[in-house]
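The values are calculated or read from the model by the stated rules, or taken from the named source; none is laboratory data. Keep in mind that what you see is a predicted model, and the values were worked out from it rather than measured. When we count neighbours, we look across all protein chains shown, and the Cβ atoms used for this are built from the backbone with ideal geometry, even at glycine. Ligands, DNA and RNA are excluded from the accessible area calculation, which covers all protein heavy atoms including side chains. Shrake-Rupley method; radii C 1.70, N 1.55, O 1.52, S 1.80 Å.
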Amino acid sequence: MLSLQGKRGLIVGVANDKSIAYGCAKAIRAQGAELALTYLNAKAEPHVRPLAENLGASLILPLDVEQAGQMEAVFAEIAQGWGKLDFVIHAIAFATKDDLHGRVTDCSREGFARAMDISCHSFMRLAKLAEPLMSAGGCLLTMGFLGADKVVGNYGMMGPVKAALQSSARYMASELGPQGIRVNVISPGPLPTRASGGIKGFDALLGKAAARTPLNKTVDIDDIGALAAYLVSDGARAINGQIILADGGYSMVD
Ligand code: NAD
């Protein structure tokens, strides 16, 4: 692994020790980076704060991307405390169960707008606020999914939402590239987290992935963390605008 000593980054999306964002935080901290971590709200704080403290996070702040002003407050703290930022990891998504499990054809206007706002547009807002703090370059990462490109059972409207996120990341990579800011998407294979637990039939999806993945195992949060640590490192300086599938080869098998 390449050292992340001297780098400072914000990671959004830790809900508990099963979160992909936590896997990223562990791996990145292990390489020496300083971390700012966020928790969704007061209910989530007791689950996130001990994990963040154990990792020695420098900043632990509330962030519900639906709450006006909270994201700006996070960046104000970062600007004051650090004055610069090297990376941001966006690992959040939300859809109501009805919209997730119903037909895309039936998806409500409000449900689609809310899922897009939390799961996709929030990445653009993070990028816009990070940009002035990345005058020496930086790296923005988000989490996609195979359901963006293929029809995955019970993934419903999150498929189109992830497609929008992945496409947005490419446009942002092209816009921010000249400033040395790289934008990439990790597309993890299915793994058990709180968010995936809310998807109907997720155990069957996991079982199918386990049976078909050439590496004979599904991925875990440490696999995704290792990749994220590499992508935010200078070793990945030529990787920009990519959707990187981290699924043990599952997606290529027919
Ligand atoms: P998780 O439940 O651990 O994390 C989801 C996070 O989203 C939580 O921390 C939650 O607080 C946050 N969130 C939801 N609404 C929010 C809001 N309004 N403001 C701020 N944060 C909010 O689940 P996870 O599986 O680690 O999900 C992380 C990312 O990885 C998501 O984008 C998900 O779509 C993606 N992903 C997951 C899988 C999988 O199989 N678990 C596969 C591919 C991609």
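Listed values, structure above:
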item	result
Listed residue (ILE78, HIS121, SER19) projecting farthest to the positive dipole end of segment 1-147, Cβ model	SER19
Under Karplus coefficients 6.51, -1.76 and 1.60, residue-wise ³J(HN,Hα) of segment 163-177 in Hz, glycine/proline x	4, 5, 4, 5, 5, 4, 4, 5, 4, 5, 4, 6, 6, 8, x
Dipole magnitude (debye, nearest 20) for segment 8-245, charges at Cβ of Lys, Arg, Asp, Glu	500 debye
Surface/4 of the Cα convex hull for segment 8-245, nm²	12.4 nm²
Exposure rank, largest accessible area first [ASP234, ASP223, ASP254, ASP247; 1.4 Å]	ASP254, ASP234, ASP223, ASP247
Whether segment 118-209 is rounded, prolate or oblate, judged on the alpha carbon gyration tensor where a/c under 1.5 counts as rounded	prolate
Carbon + sulfur, % of accessible area of the chain - ligands and nucleic acids excluded, 1.4 Å	53 percent
Lysine pair count for the chain [Cα-Cα under 12 Å; pairs on different chains or 8 or more apart]	5
Within-15-Å neighbourhood charge of ASP86 [Cβ basis; K, R +1; D, E -1]	+3
Net charge of neighbours whose Cβ lies under 15 Å from the Cβ of GLU175, counting Lys and Arg as +1 and Asp and Glu as -1	+3
Solvent-accessible area of ASP86 with every protein chain in place, 1.4 Å probe, in Å² to the nearest 10	30 Å²
Amide H partners (placed H, <5 Å) of ARG182, local residues excluded	GLY138, CYS139, LEU140
Computed accessible area, LYS18, all protein chains, 1.4 angstrom probe, square angstrom	110 Å²
Heavy-atom accessible area per residue - segment 25-143, 1.4 Å, Å²	47 Å²
Mean separation of Cα contacts under 8 Å, 6 or more apart, over the residue count of segment 8-245: relative contact order %	22 percent
Accessible-area ranking of SER108, SER196, largest first, probe 1.4 Å	SER108, SER196
Counted charge near GLY23, where neighbours are those whose Cβ lies closer than 12 Å (Asp, Glu -1; Lys, Arg +1)	-1
Computed helical MRE - 222 nm, the chain, DSSP H runs ≥ 4 contributing -39500 (n - 2.57), nearest 500	-11500 deg cm²/dmol
